[in-house]
Every structure is written in C-alpha cells, then in structure tokens.
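Data block below; observations after.
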Amino acid sequence: MKASRFFIGTLKEAPADAEIVSHKLMMRAGVIHRVAGGIYDYLPIGLRSVCKVEAIVREEMNRAGALELMMPAVQPAELWQESGRWEQYGPELLRFKDRHERDFVMGPTHEEVVTDIARCEIKSYRQLPVNFYQIQIKFRDEIRPRFGVMRGREFIMKDAYSFDKDKDGLAESYHKMYEAYVRIFTRIGLEFRAVAADNGSIGGSGSHEFHVIADTGEDDIAYCPTSDFAANVEAAEGLPLIAQRAAPAQELKKTPTPGKAKCEAVAEYLSIPLESTIKSIILATDNEGAEPTIWLLMLRGDHSLNDIKTGKLPGLAGYRFATEAEIVEWFGMPPGYLGPIGTKKPVRVIADRTVANMSDFVVGSNEVDFHTTGVNWGRDLPEPEVADIRNVVAGDPSPDGKGTLEICHGIEVGHVFQLGTKYSDSMGATYLDENGKPAPMQMGCYGIGVTRVLGAAIEQNFDDRGIIWPEAIAPFEVVICPMGYDRSDAVREQADKLYAALQEAGVDVILDDRGERPGVMFADWELIGVPHRIVIGDRELKEGRLEYQGRRDTEATLLPVDDAANVVIGKVRAALGK
C-alpha cells in the first residue's frame, strides 16, 4: 500500500466529547468517525485492524471445531417471547414494528435465533456436539453510550453457541472455547485475565469473563498474585474475616452519637475501629396483594453491598431499596441510625459472613442521635440468616486459600457461559437420544467484542505520541518514510526497492510517498501506531545506511542498506511469533 492512494485522516485535536484515551486516539488517528451517539464508521485504518482481529478469531474458532454461519441482525419478537426475554431484557433491546405492525428487534445477541436453528435442524444425538459461530454487527440501545467503542450501541461481536447431549459434553465444549479464547487474546498480544463471573441477562450456570487489564477499565477484578484465582468483584466469594465468634465482653448500652449517622463518623466519635461498626441496609420485596417483605442486611462498617450476590439469595430476586415511608413504618424513624434491635414491625435480618462472627459490635438504635454498643448475637439478637453479601476488598483471603486478594481494573472483551437448558427448555430444542427418547440440548454461549478489543488494546498500549498497536492487529506492520521521495531519485529508488522486498516477504507495509515534511510524516505514523518505521534519507544513503525505529524505542538504529529488509522482516516475524 502507498500512502498517496490510502486515506489518512489524522487530527491534531480530539473532539470535545472524547472522554478516555482510546476514544481520543481512535478519533485523532482516523480509526473511527462518529455518526451518532455510540455509532461509528470504521475508516480504512480502523477496518484493517478490525479485520486482523477477526482473522485471529476465525482461525482459533475453526481450530477449536466451531462452524461459521450468519444469522440475521433483525429478529422476530416471537422468538424472544418464547424464551421469556422479550419482557426481561429491558430497554437496551431495540424493539420496532415493520409495515405490517409485526414486532421485531435489532439483535443484541443471538441465543433465540440459534436455538431455533438447532430445534429445526438437529434431530438426533448423532448430530451432536456442534458449535455454530458468527462475526456480526450487534445493537444494544445503551441509555448513555460513552467511551467511544467501549460502550457503543452498535458493535461487531463474535458469538458462538455449542449444543451437546449432556452436561459432560457441555463441560468439554466450554473447555475448548475457554482454551480458544486464551489463544486468541494471547495471539492478539494483550495482557488479560480470565475471571469467574456472573451470568447476567444471558442466564445459565458457570461463566468466565476475559478482561484486558487497564487503569480505565470499568470492572473491578479480584485476583490472587500467588495463585491462579481471579474473579469479577461481582462474583468473588467473600470469606469471613473472623474465624470464630468471641464471647461477649461488653454490656449492651444505648449510647449518644449526636449527628453521627454514618459508620465512619460513629467510629471516630466513639474512638473505636470502623471494623466494630455495622451498617444496616434496608431492602424490600413486593408481595402481590399483601404488604412488602422488609429486609435488614448487615455489613461491617468498612464493607459494601454486592448487588449481584444479594439478588441471588432466596426471596430477594427483584429486590428494591425500601422507601422512606416503609422505613418509618417498620423502624419508627427515617433513614439514619437504623438497626435490628427494637424494630416496630418484624424484618428479615441477613448478616454477612464476617458480621455473623462479630461480637461487641455497634448498630443503630432506631432513635435519632443514638447507637447501641456492645451488641452480641444470641444474647441481644437472635441468630441471623447468614450469607455472602459483600464486595471483596484488597487484602481479603483468596477463596482458593493460596494467598490474599488484590484488586485491579479490567475491560471485558470476552465472556463464555454454560447455559445448560435455559433456552432449550423454553423453546423446545430437543434431540432423540440413543434410546429414541427426546432430551433437551445442553447449550453454551461464547462472545468476543471484536471492536471493543481495539479500544481495550489502545487503553493498554499508548503514549503521549499516540497509539502503540500490538503487532498482530496493527493496521500496518511497517511504514517506510522516505525524506524527499518526490525530489531525490536515490531515495525514491531505495524506498521502492525496500517496499517491494517487504511486500514479497508478506510484510504488511505502507510507503509514505505523499512528499510530506519529516515532522508531519513521523507525527502521523506515531499517532496511528505502526510498530516499525524505516526512514530513508540522502545523507544516510551516502553512508550506505537506513534508519530503523520501533514504536516503543526511544532512539533510532542505523542499519546497512543491504541488510535492512532482512532485519526488519526478522523483527516483524519475531514479534508475531513466526
């Protein structure tokens, strides 16, 4: 490729609405162009990188035995009504009607469509296992699209769906996809972690997320540096931080705490550790035709509630925070100074595992400006229901017992799910087993955000000059920058010769023949992030040398003209592991 016949749309400044590094650099480097909120064109520079991600994904999916197909972006509402997700999915599902007033959706994912394929096309156990995948545009109507391709509405996704006879087969298919994802993200050149995760709206049982480690990541990842444990904080198990409850050592006492409603203020006022205080969180679940059930969840003062874990507890599916009127009715006062002792009406009490092992702790007295100190289970309060309801924090013991946890930020770029029979049951996807009896297919679901990978790669690889693409997905591997291409026969001849040699060796190279000043050329290609740059000038040529600089190098290196092509080819192949 020659730059004079390519589109290079670099900008000196990022648009005002660009918030994070990847969004700013993708706009400035001419990778994307905004069409509407969360919807982007992928310009030639960007599409080259998208295609390289897709090629790696295809190679590894095919290697794992998956079969590529293509499903429609527009899906009939009937399929979503069958699965139950027409009502469940929420406003991110873009619903619309055609000219005949029939309901359709723009597909955010394809579980329903692929299950319809399976139930129509798969009849016998002899056709299983099978894994279908596609790389296709998806649409999710995000309420506030932001961060460029990281939280867009339209995006490219690889989604795969496995169908198996039984749970053992599903486990094997899941493992194959897990290993394929490890190979994909390793080949792309990303620092990533596979973490245990929550299934969210997709449903099913076990799942893992693949996160690119980056400071700007929206997800908090708990991991153990001395073991393989890693999990999204939403899913990480919070072990009790007190091994065994101590015997009571203090008397129960209502203590004035004027104006000190928060645990931090109470601890400071009473000169006690924050870890001795308890925060009370009041939730409600609605009961048709009856008053709501009110729940009091107890967490240590320095801990926070895990919404995902809480919603999975028996009776708390679909919970909400109690209204002020409900809190007054059940506790006799508005929010603040609330606790489990002396409520006006019975409440369901759930204590976090750590709280359940505490003694001599402090709770609200259900009276303004008062807390109760020296509270103990059994003596002052009935034994509670106990559950893991908190977010883990750095320093917690690792659930695998092999060290302590640390927290880092991650960008989710892939997710693998064991769906089981969630969709098979609701949509009647069965096969005839070895005995001729119908049985539901066991399903797995496996997604990669192809366009999100680009943003995540940039968040992990950039400097003050621009993008530093991982070699495998760079729009070009090498750029040749000739000084005075349009003025010097010697420079032009050597540039064309080197360009031809690199092309013949299969190197993805671009020759900047635009005749731009050196500063402009260098700034453009550093912003775009091409990994290898060769500079050809009259002065160096007279000495029989060319100038080479890697995108991460602080200084250039002089190479003999005759060896330059082989040296650069070697560097490219080494970086790609060839």
- Taking 7 Å along the Cα-to-C-beta vector as the label spot, tell me the residue 269-residue 324 distance in nanometres, rounded to one decimal. 2.0
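Quickly rank 530-538, 41-49 as a protection proxy: mean count of other C-beta atoms within 10 Å, highest first.
Values: 530-538: 22.3, 41-49: 18.4.
Taking the mean over residues of other Cβ atoms within 10 Å, the ranking is 530-538, 41-49.
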- Message: If you average the C-alpha positions of segment 359-437 and of segment 212-265 separately, how far apart do those two centres end up, in angstrom?
- Response: 12
- Query: In segment 390-432, what trypsin sites (Lys or Arg not before Pro) fall in a loop by DSSP, with at most 13 other Cβ atoms inside 10 Å?
  - Reply: 402
- Query: If one computes P(r) from the Cα atoms of segment 107-153, what percent of pairs lie at distances over 18 Å?
  - Reply: 49
- Item | Cα→Cβ-extended label distance, 7 Å offset, between residue 343 and residue 168, nm | 4.8
- Query: Between residue 543 and residue 489, what length comes free when the chain is fully extended (0.36 nm per residue of separation minus the Cα-Cα distance, one decimal in nm)?
  - Reply: 17.8 nm
- Task: Run down the aspartates and glutamates and flag those whose C-alpha is under 18 Å from the C-alpha of residue 422, throwing out any fewer than 8 positions away in its chain.
- Result: 78, 82, 87, 111, 112, 116, 159, 164, 166, 168, 198
- Query: What translational D, rounded to a whole number of µm²/s, comes out for segment 476-575 from Stokes-Einstein when the hydrodynamic radius is the Kirkwood one over Cα pairs, at 25 °C and 0.890 mPa s?
  - Reply: 185
- Query: Using Cα atoms only, what is the angle between the long axis of helix 167-188 and the major principal axis of the chain, expressed in degrees (0 to 90) to the nearest 10?
  - Reply: 50
- Helix 450-460: angle to the longest alpha-carbon principal axis of the chain, degrees 0 to 90, nearest 10? 90
- Excluding residues on the same chain fewer than 8 positions from residue 165, give the aspartates and glutamates whose Cα lies under 13 Å from its Cα. 433, 434
- Query: Does anyone have the angle between helix 561-575 and the longest principal axis of the chain? Alpha-carbon axes, 0 to 90°, nearest 10?
  - Reply: 20
- Other residues with Cβ under 15 Å from the Cβ of residue 253 give, with Lys and Arg +1 and Asp and Glu -1, a net charge of -3
- If 181, 89 are placed from fewest to most neighbouring beta carbons inside 10 Å, the sequence is 89, 181
- Check the straight Cα-Cα distances from residue 12 and name the aspartates and glutamates below 17 Å, setting aside those fewer than 8 residues away within the same chain. 463, 464, 516, 524, 526
- If Lys and Arg each add +1 and Asp and Glu each add -1, what is the summed charge of the other residues whose beta carbon sits under 14 Å from the beta carbon of residue 68? -1
- For segment 7-49, list log₁₀ I(q)/I(0) at each q in 0.24, 0.27, 0.33 Å⁻¹, using the Debye formula over Cα point scatterers of equal strength and ignoring solvent, two decimals each. -0.79, -0.99, -1.29
- Task: May I ask you to sort 330, 377 by Cβ crowding, counting other Cβ atoms within 10 Å and putting the fewest first?
- Result: 377, 330
- Query: Taking other Cβ within 10 Å of each residue's Cβ, how do 153, 539, 514 sort, fewest first?
  - Reply: 539, 514, 153
- Figure the gain on full extension for residue 501 and residue 74 (residue separation times 0.36 nm, minus the Cα-Cα span) and round it to one decimal in nm. 149.1 nm
- Item | Shape call, segment 464-513: gyration tensor on alpha carbons, a/c limit 1.5 | oblate
- Message: Principal axis extents for the chain, Cα atoms only, whole Å, descending order, please.
- Response: 94, 68, 49
- Which net charge results for the neighbourhood of residue 216, defined as the other residues with beta-carbon distances under 10 angstrom from its beta-carbon, given Lys and Arg at +1 and Asp and Glu at -1? -4
- So, in Å, what gap is there between the alpha-carbon centers of segment 42-105 and segment 298-332? 36
- Message: For the ranges 154-166, 450-462, 552-564, 334-346, what's the packing order if you count other beta-carbon atoms within 10 Å of each residue, average per peptide, and put the highest first?
- Response: 450-462, 154-166, 334-346, 552-564
- What FRET efficiency comes out for the pair residue 437/residue 120, r = Cβ-Cβ distance, R0 = 22 Å, nearest 0.05? 0.65
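Where a number appears in this text, it was derived from the coordinates with a stated rule and is not lab data. What you see is a predicted model; the values in this text were computed from it and never measured. We place every Cβ from the backbone using ideal geometry, glycine too, and count neighbours over all the protein chains shown.
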